[in-house]
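**Student:** I'd like to ask you about the structure that follows.
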There are 2 protein chains.
Amino acid sequence: MTTSGGELMERESIRSRPFPVPEYLERLARVQEAMARSDLSALVVADPANLYYLTGYNAWSFYMPQCLVVPVRGEPHLFMREMDAQGAHYTAYLPVEQIHGYPEDLVHRPDRHPFDWIGRQAVELGVLEDTPSARVGVETDAPYFSVRSHLALRAQLASAELVDSHELVNWVRVVKSPLEQDKLRVAGEIAQNVMRIALEHVEPGRRQCDVVAQIQYAQALGARKLGGDYPAIVPMLPTGETAGTPHLTWSDLPLRPGEATTVELAGVYHRYHVPLARTVSLGPPPAELRRCADAVTEGLRAALEELRPGSTGHRVQAAFADAVGRHGYVKGSRVGYSIGVGYPPDWGERTISLRSGDLTRLQRGMAFHVILGMWMEGWGYELSEPVLVGTGPDGAVERLAPLPQDLVVKD
Amino acid sequence: MTTSGGELMERESIRSRPFPVPEYLERLARVQEAMARSDLSALVVADPANLYYLTGYNAWSFYMPQCLVVPVRGEPHLFMREMDAQGAHYTAYLPVEQIHGYPEDLVHRPDRHPFDWIGRQAVELGVLEDTPSARVGVETDAPYFSVRSHLALRAQLASAELVDSHELVNWVRVVKSPLEQDKLRVAGEIAQNVMRIALEHVEPGRRQCDVVAQIQYAQALGARKLGGDYPAIVPMLPTGETAGTPHLTWSDLPLRPGEATTVELAGVYHRYHVPLARTVSLGPPPAELRRCADAVTEGLRAALEELRPGSTGHRVQAAFADAVGRHGYVKGSRVGYSIGVGYPPDWGERTISLRSGDLTRLQRGMAFHVILGMWMEGWGYELSEPVLVGTGPDGAVERLAPLPQDLVVKD
């Protein structure tokens with residue numbers, strides 16, 4: 001069945017690559033095939049999740065311009081700040097000849113930019129072709145490929161056309177390999193541990209930041225002997241009146257008796273994320289919250305039942321909407337999204353959404369965070385379920401963090 | 001003298017605005033003055049640190065397109081995803097009429113983009129003028145203003161010109177108000193607490209992730225009764241051979257006797273960051289590391305001596321270079337940068353660097369992280385000093401986290 005975390009640890013050195021080199025080569029081949037189908041001569045990959053996926057490169061260096069240039073045929077090359085390039089081979093499988101560092105004096109200058117250098121070098125190396133027929137894909141919606149990076153790169157290319165990659169690498173990532181599924185299982189165990197600890201510490205009078213301290217401690221500790229990695233999003237715990245707004249972080253005010261707190265966090269292992277959300281009521285919940293929670297639990301079951309190979313996000317959303325609609329609830333936003341490798345600021349993959357109109361066929365090995373947030377005027381409810389598609393019994397979902405699916409009530 | 005943290009807590013509700021409204025109005029006025037000088041008719045602010053600085057808006061919503069549109073005269077307007085707009089007034093001082101939510105169906109679509117909507121609305125509201133003489137500043141190097149956002153906004157403007165803002169708001173942020181200085185003092189106390197705990201837990205045989213767990217716990221706990229906020233960068237602790245590369249995060253491998261670990265972390269209070277770095281040797285350090293550490297301590301003292309109102313980053317770097325040069329060391333990268341409000345992925349302000357050629361006149365109330373990283377082949381040394389300029393005795397620096405400035409040796 002599944003590989004245990006213990007075995008995983010035995011067979012890999014974690015400071016080095018979390019996957020064997022053939023897995024990276026297979027990923028590269030799939031990306032290059034997709035590039036050929038999209039008629040791209042090269043692809044400039046800047047999203048740190050895509051860099052990690054394709055090479056294993058992993059460091060907090062994405063606040064400076066960096067990228068992997070993938071030609072449609074041949075070897076990819078990494079470009080980054082010199083001080084980072086020096087140690088990139090500790091995590092990236094690429095030989096040092098394919099890792100290039102730009103000089104320090106390009107950092108934060110109004111008159112020149114690292115992508116001037118990167119563009120020139122890539123053309124010289126031949127990984128970027130600068131001819132009228134060359135079409136170079138760029139990740140126009142990736143968080144760390146700035147407008148200036150884009151303009152500088154374009155200025156370096158006399159003839160080639162820059163085109164939108166349309167999340168090409170992200171789409172290759174949606175079906176998880178068996179080894180990736182194992183990473184998600186470990187992350188799921190961590191998420192469960194962390195959520196249990198969070199629920200234990202949400203108590204009247206405790207400061208929000210004290211609960212977060214416990215959560216962050218548990219996130220790094222991990223599960224069994226496997227250490228946890230940092231989450232792409234910090235723990236979120238909107239509470240009381242502010243639980244009606246989803247992305248508030250925390251303060252040092254105490255939690256109050258009689259109020260509800262929504263807790264959203266992730267377990268992370270080797271950058272693979274399993275997010276998880278629950279709601280805790282400190283004291284008997286108002287009838288309205290209880291009624292909402294019951295409807296959402298029913299809706300979740302209906303959604304999971306529909307989340308199968310061959311189905312679509314559209315149908316999953318419809319199943320949820322029907323179930324909660326019978327109780328008079330409507331949810332305007334999507335009910336989930338694809339998950340896997342994540343870096344700040346987001347643990348979603350920016351590909352498949354579980355929502356009306358998304359007709360992508362679901363496949364075995366995809367992973368989703370089914371997240372049901374009901375954000376009302378002055379209160380809110382959240383319940384979520386991270387799952388693998390099709391790896392459960394009879395093609396059902398495999399729950400990655402199987403905790404009870406109810407409102408948590410503490411008296 | 002300085003306001004104590006206790007008083008700070010008394011006079012503000014932390015879930016709401018950490019600064020009184022007149023301070024926001026003063027900041028807005030300074031930004032609009034700078035815009036007038038740069039001949040900008042409007043400015044589209046996307047950097048979350050700039051949003052927070054100008055309005056107090058604070059949530060983990062920056063992974064979706066959002067911005068503040070500031071006209072050169074008149075009121076600014078916030079634009080964000082509908083679910084976030086709903087609760088933005090919990091943190092932003094703006095009246096709800098100046099907060100606008102874009103519909104959920106614009107999220108992650110290949111064929112439409114939130115900035116189509118934002119551009120149209122802003123023109124309709126009159127905060128963006130779309131005339132041939134209009135010059136609209138955009139933050140082309142901000143982390144969360146994507147290329148697609150830029151292209152979508154440009155497509156909405158028939159006549160107005162989009163121009164680079166050249167970090168206009170970041171430059172307004174460089175001199176800290178008395179209230180901001182107080183935030184930094186609290187953050188400095190947190191940083192000291194956290195570093196003490198980190199140094200205590202760096203022990204042979206402890207896993208790197210266990211040390212991080214302690215650091216993250218202490219970061220959220222804060223100092224005295226003031227809770228800590230999340231750092232823009234996770235704790236970094238390159239160790240042993242990998243200490244020669246600066247931005248590696250952690251693994252679950254144990255720390256080894258005889259090896260050195262560099263620890264870089266921040267204390268954060270109300271988004272104000274005080275970063276801090278130290279190096280620990282587990283056992284007697286090699287002569288080479290000791291020699292380097294002594295030279296760097298001498299260099300740090302020389303740099304701090306030069307870090308005064310009226311001086312420049314150029315001179316600070318030269319003072320350091322001279323001091324370590326006498327011992328045969330050369331450091332290629334800058335020796336520090338301006339700090340203040342931070343959001344992932346960076347706690348630097350992207351303005352003043354302490355380096356050769358930076359001739360910005362230093363002023364009282366500026367804040368810097370003087371960071372001396374010596375990244376060698378197979379080993380490294382880091383020492384840092386976060387400071388306020390000119391608020392110490394006789395115009396000297398005020399050290400925000402005054403720990404001993406030496407290599408930490410544990411036997």
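**Student:** Restricting attention to segment A:207-226, which residues are farther than 17 Å from residue A:342 by Cβ and of a type outside the set (A, V, I, L, M)?
**Tutor:** Answer for segment A:207-226, where residues must be farther than 17 Å from residue A:342 by Cβ and of a type outside the set (A, V, I, L, M): A:207, A:208, A:209, A:210, A:214, A:217, A:224, A:225.
**Student:** Only one of these is farther than 27 Å from residue B:349 by Cβ and of a type outside the set (Gly, Ala, Ser): B:199, B:162. Name it.
**Tutor:** Among B:199, B:162, only B:199 is farther than 27 Å from residue B:349 by Cβ and of a type outside the set (Gly, Ala, Ser).
**Student:** Got a number for residues in segment B:1-45 being part of a loop (DSSP other than H, G, I, E, B), at pLDDT 95 or above and of a type in the set (Gly, Ala, Ser)?
**Tutor:** Of the residues in that region, 2 qualify.
**Student:** Just a yes or no: is a residue in segment A:33-44 among the hydroxyl-bearing types (Ser, Thr, Tyr) and open to solvent by less than 10 Å² (accessible area, probe 1.4 Å)?
**Tutor:** no
**Student:** Give segment A:187-229 a look and list any residue that's of a type in the set (S, T, N, Q) and in contact with a Gly (Cβ under 8 Å, 6 or more places away or on another chain), or say none.
**Tutor:** The answer is A:192, A:193, A:208, A:219.
**Student:** Quick one: which helices (runs of 4 or more DSSP H) sit completely within segment B:133-215 and have at least 1 residues that are more than 14 Å from residue B:263 (Cα to Cα) and among the basic types (Lys, Arg)?
**Tutor:** Counting at least 1 such residues, we get B:147-156, B:178-201.
**Student:** Here's something else I'd like to know. Select, from B:129, B:189, B:161, the only residue that is out of contact with any helix residue (DSSP H, G or I) (no Cβ under 9 Å at 6 or more places or on another chain) and of a type in the set (Asp, Glu).
**Tutor:** None of the others qualify; the one that does is B:161.
**Student:** Mind checking whether some residue in segment B:302-315 is in contact with a Leu (Cβ under 7 Å, 6 or more places away or on another chain), farther than 24 Å from residue B:393 by Cβ and open to solvent by less than 40 Å² (accessible area, probe 1.4 Å)?
**Tutor:** The answer is no; no qualifying residue exists.
**Student:** Quick check on my filter: what residues within segment B:343-363 are hydrophobic (A, V, I, L, M, F, W, C) and either within 30 Å of residue B:230 (Cα to Cα) or surrounded by 19 or more Cβ atoms within 10 Å (Cβ to Cβ) (or both)?
**Tutor:** Passing the criteria: B:347, B:352, B:354, B:362.
**Student:** Quick one: how many residues across segment A:62-79 are within 14 Å of another protein chain (Cβ to nearest Cβ) and touching a strand residue (DSSP E or B) at 6+ places or on another chain (Cβ under 6 Å)?
**Tutor:** Final tally of qualifying residues: 5.
**Student:** Looking at segment B:200-210, can you tell me whether even one residue there is open to solvent by less than 10 Å² (accessible area, probe 1.4 Å) and within 12 Å of chain A (Cβ to nearest Cβ)?
**Tutor:** yes
**Student:** I would also like to ask the following. Could you please tell me which pairs satisfy a Cβ distance under 6 Å, a separation of 6+ or placement on different chains, a first residue in segment B:288-312 that is among the hydroxyl-bearing types (Ser, Thr, Tyr), and a second residue that is open to solvent by less than 60 Å² (accessible area, probe 1.4 Å)?
**Tutor:** Taking only residues 6 or more apart or on different chains, the pairs are B:297/B:405; B:311/B:362.
Quick grid of which residues meet (1) more than 10 Å from chain A (Cβ to nearest Cβ); (2) in a loop (DSSP other than H, G, I, E, B); (3) surrounded by fewer than 24 Cβ atoms within 10 Å (Cβ to Cβ); (4) not basic (Lys, Arg):
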| site | (1), (2), (3), (4) |
| --- | --- |
| B:328 | yes, yes, yes, yes |
| B:331 | no, yes, yes, no |
| B:341 | yes, no, no, yes |
| B:368 | yes, no, no, yes |
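Here is a yes/no grid of residues against (1) open to solvent by less than 40 Å² (accessible area, probe 1.4 Å); (2) more than 11 Å from chain A (Cβ to nearest Cβ):
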{"position": "B:116", "(1), (2)": "yes, yes"}
{"position": "B:135", "(1), (2)": "no, yes"}
{"position": "B:138", "(1), (2)": "yes, no"}
{"position": "B:145", "(1), (2)": "yes, no"}
{"position": "B:151", "(1), (2)": "no, no"}
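**Student:** Same structure again: Please tell me if residue A:373 is surrounded by fewer than 19 Cβ atoms within 10 Å (Cβ to Cβ) and more than 14 Å from the chain's Cα centre (by Cα).
**Tutor:** Answer is no for this residue.
**Student:** Going by the conditions given, is residue A:224 surrounded by fewer than 24 Cβ atoms within 10 Å (Cβ to Cβ) and within 11 Å of chain B (Cβ to nearest Cβ)?
**Tutor:** Against the criterion (surrounded by fewer than 24 Cβ atoms within 10 Å (Cβ to Cβ) and within 11 Å of chain B (Cβ to nearest Cβ)), residue A:224 qualifies.
The values are calculated or read from the model by the stated rules, or taken from the named source; none is laboratory data. Quick caveat, the model's predicted, so the values are computed rather than measured. Heads up, the Cβs are rebuilt from the backbone with ideal geometry, glycines too, and the neighbour counts pull from every protein chain shown. To get the accessible areas, we keep the full protein, side chains included, count just its heavy atoms, and leave off ligands, DNA and RNA. Shrake-Rupley method; radii C 1.70, N 1.55, O 1.52, S 1.80 Å.
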